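What follows is calculated from the coordinates using simple rules that are stated; it is not laboratory data. Because the structure is a prediction, the values reported are computed rather than measured. No Cβ is skipped: glycine too gets one built from the backbone with ideal geometry, and neighbour counts run over all protein chains shown.
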Amino acid sequence: MSTHWEDRAACAGTMLELWFGPEDYDEPKDQTRWRHRRATEFCATCPVRTDCLAAELIRPLSEQHGIRGGLTPRARERLLARWRAAGLVPEHCPPEDVDLVRRLLTESDLVPATRYCPGS
Ligand code: SF4
């Protein structure tokens, strides 16, 4: 049995466009809001949202895209800025230690877990 966290992702097998947006046209703002809400609802049911968010936070901001761990890129940027201001992670580069990031993440940083089942 595989133990990699991605194998347990709630978004596995879903349309990636929900998390990353359309590739071939500019998305209207109301569609973006709807898409973010739906993706976040999936993330709230996901058993690996801490692993997902930590894996994204150690990537350079310029390489971060889409909703990951229930947070938008802007929300992740704010989280990193808060950690940097508190001296918890380096000033000018993303934290490279995924275990450190996992320890820094608190319940309040995560989209609240829910039993809501998107699509039901
Ligand atoms: S937290 Fe969200 S984006 Fe990350 S694996 Fe789970 S469902 Fe997918």
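Given the conditions (1) farther than 21 Å from residue 105 by Cα; (2) of a type in the set (A, V, I, L, M); (3) in contact with a Leu (Cβ under 8 Å, 6 or more places away or on another chain), which single one is not true for residue 18?
With respect to (1) farther than 21 Å from residue 105 by Cα; (2) of a type in the set (A, V, I, L, M); (3) in contact with a Leu (Cβ under 8 Å, 6 or more places away or on another chain), residue 18 is out only on (3).
Please specify each residue of the range 7-65 satisfying the condition of being within 11 Å of the ligand (Cβ to nearest atom), among the basic types (Lys, Arg) and surrounded by 18 or more Cβ atoms within 10 Å (Cβ to Cβ).
Within the range 7-65, just 49 meets the criteria.
In this structure, is residue 72 of a type outside the set (Lys, Arg) and in contact with a Leu (Cβ under 7 Å, 6 or more places away or on another chain)?
no
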